[in-house]
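Here's the structure, in structure tokens; my notes come after.
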Amino acid sequence: MHRLTLIPGDGIGPEITAAVTKIIKSAGVEIDWDVQSAGADVAEKEGTPLPQRVIESIQKNKVALKAPVTTPIGKGFRSVNVALRKELDLYANIRPCKNIKGIKTPFNNVDIVVVRENTEDLYAGIEKKIDDNSAESIKIITRKASERIFEYGFEYALKNNRKTLHAVTKANICKLTDGLFLECGRNVAKKYPMIDFKEILVDNLCMQLVQHPEKFDVLVLPNLYGDIVSDLTAGLIGGLGVAQGANIGSDCAVFEPVHGSAPDIKGQNKANPTALLLCAVNMLNYIGEREKAAKIENALMKVLGQGAVLTPDLGGNAGTNEFTDEIIKNL
Ligand code: NAI
């Protein structure tokens, strides 16, 4: 029996969490979930959207499955996601994007892994208002965090038989900050001559990704570009409903989808649980439940491949519950 932290989140979070835990249970994996609420409702009741008990639970259990949490735009509390990554030093955000059979997109040869630095850059949250008409935000890039993310990226490439790693920056404009990030990439690359190291500016990358995504393999980016580019790569394989992610630290790991809490479809039985389910598959592999992880992934791929029972974001008309039951039938 594994004891793992579960954060059901808000918006569509609780719906997709219920779907995914039902599938995991049906596949015969025994998990004693340590359920921890976080987010807007919790902020009202406990005075903070991320109580210390959530952090302590993950520190104790080491592994968490997390559904999305709403962050107020332009006001209110700091993002729970950003705070969690910082508190637990979850420095690497890994977002693999590979075509899924049955999901039609303009491309059929996408196989990209976005490795996003997760702890600094403009997400350090150091912002201040100067006067009514101006504000500033500080972009932090350090050698320690940059070298660590490139080390992770190269090790990932090596372990997963990847050939090319691109360092993605805007070092022509942000000469000191992105310049330092790139310098760290060049230095770490010297230790990995077997991986082809390339450099690209983020604007050029975006243009090329929507024309020739097959040219890209592993991308290592500072926090902000990584956030934006990983939504773009999610779009290349069928959208946010199928894009998984993992936040990895030296001590803990939090598995969470790329997408947000989708308040526009909350409570309508329309949410696609695929992204969270792929995160769960990745998490099961991480804790050594490889056989059950493969069983779930095969059932999911079968349902997606057949294309008969799909959620609306994938062009189908099945509800979250119907889609979930179809996967369980195929286990
Ligand atoms: P979003 O990802 O929630 O939604 C964007 C669009 O994609 C919406 O039309 C939504 O319906 C659709 N979508 C997303 N996930 C889907 C799924 N599983 N199935 C079907 N359709 C799906 O992005 P948005 O609207 O910008 O953000 C909403 C909230 O989520 C914000 O408060 C934001 O801060 C938060 N957020 C939280 C994240 C996290 O907890 N890791 C990550 C990104 C955003």
With the convex hull built on the alpha-carbon atoms of the stretch 1-65, volume per residue in Å³ sits at 67
Report, as a whole number in µm² per second, the diffusion coefficient that Stokes-Einstein gives for the stretch 132-188 at 37 °C and 0.692 mPa s using the Kirkwood radius over alpha carbon pairs. 259
Which residue, P49, Y91, A64, has the largest displacement toward the positive end of the dipole of the stretch 1-114 when charges sit on each Cβ (Lys, Arg +1; Asp, Glu -1)? Y91
Exactly which GluC sites (Glu not before Pro) in the stretch 100-194 are in a DSSP loop and have at most 14 other Cβ atoms within 10 Å? none
Need one number for the stretch 31-99: average projected area of the convex hull over its C-alpha atoms, nm². 6.4
Flagged links, alpha-carbon separation over 31 Å, of K60/K295; K270/K292; K128/K198; K45/K98: K128/K198; K45/K98
Using a cut-off of under 19 Å, list every residue of the stretch 90-116 whose amide N is near the label point 7 Å from the Cα of E155 along the Cα-to-beta-carbon line. 90-96, 113-116
If you take the beta carbon distance between N285 and R78 as r and set R0 to 41 Å, what does 1/(1 + (r/R0)^6) give as a FRET efficiency, to the nearest 0.05? 0.85
Taking the Cα centroid of the stretch 41-105 and of the stretch 127-172, what is the distance between the two, rounded to the nearest whole Å? 19
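Enumerate by residue number the trypsin sites (Lys or Arg not before Pro) in the stretch 123-192 meeting two conditions: DSSP loop (anything except H, G, I, E, B), and at most 14 other Cβ atoms within 10 Å of the site's Cβ.
Those that pass, being in a loop and sparsely packed, are K163, K175, K190, K191.
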Between V220, V115, V29, find the one with the highest GNM mean-square fluctuation for the chain; connect C-alpha pairs within less than 10 Å. V29
Determine the percent antiparallel among the DSSP beta bridges restricted to the chain, to the nearest 5. 45
Using 15 Å as the cut-off for backbone N distance, which residues of the stretch 82-123 belong to the label zone defined by a point 7 Å from the Cα of I173 along Cα→Cβ? 122
Considering the chain as a Gaussian network with a 10 Å cut-off on Cα pairs, which listed residue, I112, I195, I58, attains the greatest mean-square fluctuation? I195
For the chain, set up a GNM with springs between Cα atoms under 10 Å and report which of N93, N282, N161 has the largest fluctuation. N161
Amide H of F197: which non-local residues (sequence gap of 5 or more, or other chain) have their own amide H closer than 5 Å, using H built in the peptide plane? L165
At q = 0.08, 0.10, 0.14 Å⁻¹, what log₁₀ I(q)/I(0) does the chain have when each alpha carbon counts as one equal point scatterer in the Debye sum? -0.37, -0.59, -1.17
Quick check on the stretch 200-320: take the gyration tensor over C-alpha atoms, sort the square-rooted eigenvalues as a ≥ b ≥ c, and tell me if it's rounded (a/c under 1.5), prolate or oblate. oblate
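Kindly provide the helix-only [θ] at 222 nm of the chain, computed as the sum of -39,500 (n - 2.57) over DSSP H runs of four or more divided by all residues, to the nearest 500 deg cm²/dmol? Walk me through the numbers on the way to the answer.
Details: 11 runs with 131 residues, N = 331.
Helix contribution divided over all residues of the chain: -12500 deg cm²/dmol.
How large is the Kirkwood hydrodynamic radius of the stretch 106-236, in angstrom, based on all distinct alpha carbon pairs?
It works out to 15.3 Å.
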Run the numbers for N204 and D89: contour at 0.36 nm per residue of separation, minus the present Cα-Cα distance, in nm. 38.4 nm
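Return the percentage of antiparallel bridges among DSSP beta bridges fully within the stretch 106-236, rounded to the nearest 5 %.
Percent antiparallel among DSSP bridges in the stretch 106-236 is about 30.
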For T48 and K266, what does the FRET efficiency come to when R0 = 25 Å and r is the distance between their Cβ atoms, rounded to the nearest 0.05? 0.65
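Readers should treat all values here as calculations from the given coordinates under stated rules, not as data from a laboratory. Keep in mind that what you see is a predicted model, and the values were worked out from it rather than measured. Every residue, glycine as well, gets a Cβ built from its backbone with ideal geometry; the counts of neighbours run over all protein chains shown.
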